[in-house]
Every structure is written in structure tokens, then in C-alpha cells.
Amino acid sequence: MMPEKIQVLLIDDDEDDFVITRDIISDIPGRKYTLSWASSFKEAEELIKQQLHDVYLIDFHLGAHDGLELLTRAVAAGTKAPFILLTGQSDIETDEKAMRAGALDYLVKGTFNPFDLDRSIRYSIEHAKSLAEIQKLNAELELRVEVRTQELAEAIEKLEKTNESLYEAQQEIYKALQKEKELHELKSRFVTIASHEFRTPLSTVLSSASLIGKYKTTEDDEKRQKHVNRIKSSVSNLTTILDDFLSLSRIEEGMIHNVPSTFNIKNQSTEIVDEMQGFLKQGQKITYQHLSSHETANVDRQLFKNILLNLLSNGSKYSGADKEILLTTKVEKTAITIQVQDRGIGIPEADKAHLFTPFFRAQNAVNIQGTGMGLNIVKRYVELMQGTLTYTSELGQGTTFTITLPTN
């Protein structure tokens, strides 16, 4: 609502203009206006700061300054009351400058009457109230937008966390399903391999045992011995298979530990090579070299032995008769290196990705006796000893395994 008494401040350095404006205001019906006068830029600034007036009539020319400068400063300082610019001439450029500076209306001196002034004052006050209301609503809206933006950001963050948790759960489920699938495949391979690998030596034992009973005379000693040797070989194969299964089971259950001890690597390797002689094919030989002056190291002795036995056994198994298997060892300050090289069938390129998978048999090894556990066991032993295992292989040319074990 319009106030009953409207306080008007005229800012003009010409007293005659004040008198004229006072007379015009006094002729406005109802005489609800109280006119005050500021004759200088500085005086006007002080009065505007006090915020005692409802509307300001400001002359364009104020000595060394102009009304637009005063208007700009007052608006920048936060004055809410409206400004009406008074000037001696009417031109669009002045009008536009006034509006850009913050004036709500524009009157040309000597051309406006009481009705024009009353309309301009009332219009400016109402317009200023509307602007203030709009600014208030805009501030409230900005605050609500800020709050809603914050709430939305929090909701998005929660959603992202939920999605992340969901993704992690999906990944865990996927891993569990993959593990279950791998376990199922392992079981299937285990049943297939175990049934085949056990059946063959057991059949040999059964048939040889039956035949031995037929050879009763001294002249049949050679034939009996042949079947006894077949039984011993089959039993040995069964023992090896059972040892592999037992080793894998003990590794899975965490029953095998890395227990380092200091021993002579060269002497131990020589003993292992001698132990392997009874398992080599006809004409095969193991050539061993120790490539360093240091011979002792601190590693797990039993795991070291099991690694060499597995690799040398594989080298013999996948190499033909009369082939050489090369074994080298080297003891350095912080590690020992073991290398086993054979001249065997090699590993097909397509099978290399699955070489260390339990029960996996390469496509060119299906007719060679084995469970597919040896290399997996070797890899697990090397990991227990915190070592590394690498290999190179060329189909039909052979395979070289290199193991590096840190010494304690």
C-alpha cells in the first residue's frame, strides 16, 4: 500500500527548481507529499544513507558531478527507494543511461504538471516495491535452488555409492559364479583324469599279477621278472599321482609352509639328478651345471626338491628317447636361479594361457601319461617361496622353465 505521507527528496543545486517543484507538488490533489531539498552532491549522499525518504527526484546536473553518478553510487550501496531523474532536455540517450543506472522514471523540467509528477512518483514507488518483492522472491528461489541442488547432490552421491555397492556386489557374484564354474570344471577334469590315470596302472597290475601265476618253473623267471617290473612301475605311477593329489590338497588347505634352511644347492641338485636316473626313458640323460662360485643358499629345502623333481620329470615325460635335459643352478647374493630345458614336444601357442591350470593337458600331450597337476603345483610352490616362474617354448623344439627364488 502507498504510505499516507510520501517523503520526497529533491536533489538539485538550483533553488529556483526547488521552488518550482514545491509548487507543483502543492498542487497535487490531497497534498500527501512532504518535499525536502538537498542542494549538493555531498549533502544528498548523506541524506540518502539515512534512508528517510520514499522517493528521490534527482537533477541530471549537480555541479562537478551529475545525477547519474549519485544514482549509481546509491544503488550500489543498497538504496531501495526509487529514483526519478530530472533533466533540462529530452533525449533517448539520457533516458537509457538513467534506466541502466537504476532510475525508475524520467521527467523533463518545465514540461511536467502535478498530474505527471504524481503519476511518476506513485508509479516509481509501486515499481520499486514490485522490484523489491521480485528480488526477495528471487533470493528465496536461489536459496531453495541451492538447498535443492545440495539435496540433489547428496542424492546423487548416495545413488553413486549405491550403484558402486551394487556393482561391487555384482562383481562379487560374478567372481563367485566364475569360481563355481571353475570348480565344477576342475571336478569334471579330476574325475576324468583320475579315472583314466588310475585305471591304466591298475589294469597293468591286475593283468601282470594274473600272468605271474602261470609262470611256475625256473625257466619262467625272466617272464616273471618282466611282470614284476611292470607292477613296480605301475605302483610307482600310482604313488606319483597320489602324491600330486595330496600335495594339491595340502596347498589348498594351507598346510604347506615356506620354511627356509641353509644347504648346499649344488650337492642337493646333484642328488636329485641321481634320483631321477631310474625314471628316465631309454637313452635320456640329465646334464647338470652349477654356474656360480657360491653353492649354499637359504631356501626351503623340501620345496626346492619338489620343484626340481617335477620339472625334471616333465622334461623326461615330454621328451623322446635319447634326448638331453639340461639343468642349471646359480646362487647369487639375494636369489638363486633354476633353469630346466628339454628338447621335447613343446607347448602349442593356444594352450599356453592355460598351462598352469590344475588338470590341464595340452592338446599334444593327451596320449602322454600325466594328471596335469605338476606345473600347477610347481607354480604354487614358487609363489609360497615368493619367487617367479617364467618359461619359453617352441612347438616341436622344447621348453625352458626359469625359476628365481629369493634367499633369506
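The values are calculated or read from the model by the stated rules, or taken from the named source; none is laboratory data. Fair warning: this is a prediction, and the values are worked out from it, not measured in the lab. Virtual Cβ from ideal backbone geometry, glycine too; neighbours counted across all protein chains shown. Heavy atoms of the whole protein, side chains included, go into the accessibility calculation; ligands, DNA and RNA do not. Shrake-Rupley method; radii C 1.70, N 1.55, O 1.52, S 1.80 Å.
Tabulated data
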| quantity | calculated |
| --- | --- |
| Long-range neighbours under 6 Å by Cβ, at least six apart or interchain, first residue surrounded by 10 or more Cβ atoms within 10 Å (Cβ to Cβ) within the stretch 87-112, second at pLDDT 75 or above and part of a loop (DSSP other than H, G, I, E, B) | Thr87/Phe60; Gly88/Lys109; Leu104/Pro82 |
| Filtered residues of the stretch 358-408 (kept if closer than 16 Å to Ser316 by Cα, among the polar types (S, T, N, Q) and either assigned to a helix (DSSP H, G or I) or at pLDDT 85 or above (or both)) | Ser393, Gln397, Thr399, Thr400 |
| Subset of the stretch 309-326 (residues that are more than 17 Å from Thr402 (Cβ to Cβ), touching a residue at least 60 places away in the same chain (Cβ under 8 Å) and in contact with a helix residue (DSSP H, G or I) (Cβ under 9 Å, 6 or more places away or on another chain)) | Ser313 |
| Number of positions in the stretch 56-85 that are open to solvent by less than 60 Å² (accessible area, probe 1.4 Å), assigned to a strand (DSSP E or B) and in contact with a Phe, Trp or Tyr (Cβ under 9 Å, 6 or more places away or on another chain) | 8 |
| Enumeration of residues in the stretch 249-285 that are among the β-branched types (Val, Ile, Thr) and within 20 Å of Gly387 (Cβ to Cβ) | Ile251, Ile256, Val259, Thr262, Ile265, Ile272 |
| Identity of the residue in the stretch 267-301, free of Cβ contacts under 8 Å to residues at least 12 places away in the same chain and open to solvent by 80 Å² or more (accessible area, probe 1.4 Å), that ends up nearest to Gly396 (Cα to Cα) | Gln277 |
| Those residues of the stretch 9-43 which are farther than 21 Å from Gly63 by Cα and not in a helix (DSSP H, G or I), in sequence order | Asp27, Ile28, Pro29, Gly30, Arg31, Lys32, Tyr33, Thr34, Leu35 |
| When residues of the stretch 353-365 are limited to those that are hydrophobic (A, V, I, L, M, F, W, C) and without any contact (Cβ under 8 Å) to a residue 60 or more places away in the chain, the one surrounded by the most Cβ atoms within 10 Å (Cβ to Cβ) | Ala362 |
| Count of residues meeting criterion [open to solvent by less than 40 Å² (accessible area, probe 1.4 Å), out of contact with any Phe, Trp or Tyr (no Cβ under 7 Å at 6 or more places or on another chain) and either within 23 Å of Ser269 (Cβ to Cβ) or free of Cβ contacts under 8 Å to residues at least 12 places away in the same chain (or both)] in the stretch 327-352 | 7 |
| Residue in the stretch 87-103 that is small (Gly, Ala, Ser), under 18 Å from Asp54 (Cα atoms) and outside any helix (DSSP H, G or I) present | yes |
| Criterion: open to solvent by 100 Å² or more (accessible area, probe 1.4 Å), assigned to a helix (DSSP H, G or I) and not polar (S, T, N, Q) - qualifying residue of Glu168, Glu154, Glu142 | Glu142 |
| Inter-residue pairs, beta-carbon under 6 Å, first farther than 28 Å from Thr262 by Cβ and open to solvent by 20 Å² or more (accessible area, probe 1.4 Å) and in the stretch 381-408, second of a type in the set (A, V, I, L, M) and assigned to a loop (DSSP other than H, G, I, E, B), 6+ apart | Ser393/Ile347 |
| Considering residues of the stretch 31-50 that are crowded, with 16+ Cβ neighbours inside 10 Å and touching a Leu at 6+ places or on another chain (Cβ under 8 Å) only, the residue farthest from Thr72 (Cα to Cα) | Leu35 |
